[in-house]
């Protein structure tokens, strides 16, 4: 394991993953530590998605301000993570490897999962395989990945959707939500596109409001 410091409150680590090393960054909570680990999954690796995506880092800041240890990582083949893109199958394995590593090394009571776009599918899939306490999916790619085949998601679940999204059409996401049992709590952003340009502060505010309740 190789550890370096990137920012004052962050720690960058390389851990063993199923396809080689995985690049992971841990960000310490601000204020009281709630005993929660929050893991954030980034958008599609083949379309420039990395753990430094602005929606991802907004989720990290949200978690930190809620007293949650925030973890983001690069899927295989991105940044310093080894391996190559595996059409969401291997990426689910990457997330499970990060979760397993955290369970062994961190004495925390809860795990929250979050993901944006491609990462939303990965997080949702993992939430059907592992007992997480909360799930946050932003712009889930219902038309690109087999989200209709997911088993029921039984943990508290927040779904965020921009209604000006030209990558993941809002009407398709809302139609998919109606097929889910149980259904998520939906946060609609009437003026947000796929990447939430100009809406990131509002995204963080609303997530902190519902997650901090």
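Throughout, read-outs are computed from the coordinates displayed, never taken from laboratory work. Everything numeric in this text was worked out from a predicted model, so none of it was measured. A quick note on method: Cβ atoms are made from the backbone with ideal geometry, for glycine too, and the neighbour counts reach across all protein chains shown.
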Report summary line: Per GNM of the chain with C-alpha springs under 10 angstrom, the most fluctuating residue out of 91, 171, 110 is 171
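Rounded, prolate or oblate: which fits the range 69-213 when a ≥ b ≥ c are the square roots of the eigenvalues of the alpha-carbon gyration tensor, with rounded for a/c under 1.5 and prolate only if a/b beats b/c?
Because its axes are fairly even, with a/c under 1.5, the range 69-213 counts as rounded.
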Report task. Provide the FRET efficiency to the nearest 0.05 for the residue 172-residue 11 pair, computing r from the beta carbons and using R0 = 30 Å. Result -> 0.20
Query - Angle in degrees between helix 118-127 and the longest Cα principal axis of the chain, rounded to the nearest 10 - result: 80
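Before rounding to the nearest 500, sum -39500 (n - 2.57) across all DSSP H runs of length at least 4 in the chain and divide by the residue total; then give [θ] at 222 nm in deg cm²/dmol.
Calculated mean residue ellipticity at 222 nm is -8500 deg cm²/dmol.
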Report summary line: Candidates 104, 133, 21; GNM for the chain (alpha-carbon contacts under 10 Å) flags as most fluctuating 104
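If neighbour count is taken as other Cβ atoms inside 10 Å, put 148, 42 in order from fewest to most.
In order of increasing Cβ crowding within 10 Å: 148, 42.
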Requested in this report: Please give the peptides 69-79, 50-60, 115-125 ranked by average Cβ packing (other Cβ atoms within 10 Å per residue), highest first, as a rough proxy for protection.
Outcome: 115-125, 69-79, 50-60
**Report entry** Bridge type composition, the range 2-211 - antiparallel percent by DSSP, nearest 5
**Finding:** 40
Query raised in the report: Using a Gaussian network model of the chain with C-alpha springs under 10 Å, which one of 176, 112, 157 is most mobile by mean-square fluctuation?
Result: 176
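Out of all DSSP beta bridges in the range 9-120, what portion is antiparallel? Express it as a percent rounded to 5. Provide the component values of the computation, followed by the final result.
Working: 12 of 22 bridges.
Of all bridge pairs located within the range 9-120, approximately 55 percent are antiparallel.
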Report task. Relative to the longest principal axis of the C-alpha atoms of the chain, give the angle of the C-alpha long axis of helix 200-211, reported between 0 and 90° and rounded to the nearest 10°. Result -> 90
